[in-house]
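Everything on this sheet refers to the single structure shown next.
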Amino acid sequence: MDVYKTEEEQGEALKKWLRDNGASLLTGLLLGLALLFGGKAWLQYGERKAEQASNLYTQLAMAVAANDEAAATSQYEMIVKDHGDSTYAVLAALQIARLHMSHDNGVAAEATLEWALENAKPAELREVTRERLVRAAIGNGNLDRAAALLAEQPDPAFAAIHAELRGDLSLARGDAAAAHAAYEEALAALPEQAQIRGLLEAKRDDAVRAPDGGAS
């Protein structure tokens, strides 16, 4: 507004400006309030969703521990349906895949882990999912898929596991020398006190003894 000489002129100008712009001011005010209270409602909604997902996941984990495949599958399907974009859904997929493997259903486990890998985040959870998917793929004889997964560079924290899996894949392909080298690499990446060293040393030694490059 311009500067006016008298208070009366200023008052009249303010009234006119409000008449011309009042509707937009009210709209802006209402929009701001809606965003404020809507944001709070959204946060509360998000908290409720997270609590529901957590409860479902707890029930799933208990069903898996009890080896109750029907109950675990039911909980898993609910988590994916209602909370498919959450970390709980990926964790639930890992649980169900483990249950499938324990029931000698490697194909179902691999399919579940493929979904989990597509949805896994953060990076650490993706690495864990990829490692389990590689193991399932190798177990199912899906060696090309395992190789494609291992072609991705791992997080440094997973270097030992990545090398071990390359050893497993090489052994499955009948290349004992490559398997031995990969197991050696895995051992070099592990701390001396790591409990898994004994298993890796056994794998390495078995690779050397494998006839014609096959598994012993």
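The values are calculated or read from the model by the stated rules, or taken from the named source; none is laboratory data. Predicted model only: the values in this text are computed from it and were never measured. All Cβ positions, even for glycine, are placed from backbone atoms using ideal geometry, and neighbour counts span all protein chains on display. Surface accessibility is based on the protein's heavy atoms, side chains included, excluding ligands, DNA and RNA. Shrake-Rupley method; radii C 1.70, N 1.55, O 1.52, S 1.80 Å.
A few notes on this one:
- Contacts under 8 angstrom Cβ, first residue in the range 55-68 being in a loop (DSSP other than H, G, I, E, B), partner open to solvent by less than 80 Å² (accessible area, probe 1.4 Å), 6 or more apart: N67/L99; N67/S102
- For the range 67-107, residues that are of a type in the set (A, V, I, L, M, F, W, C) and in contact with a Leu (Cβ under 9 Å, 6 or more places away or on another chain) total 11.
- For first residues located in the range 167-181 and on the phi > 0 side of the Ramachandran plot, partners that are in a helix (DSSP H, G or I) and not acidic (D, E) and lie 6+ apart or on another chain with Cβ distances below 8 Å form the pairs G174/G213.
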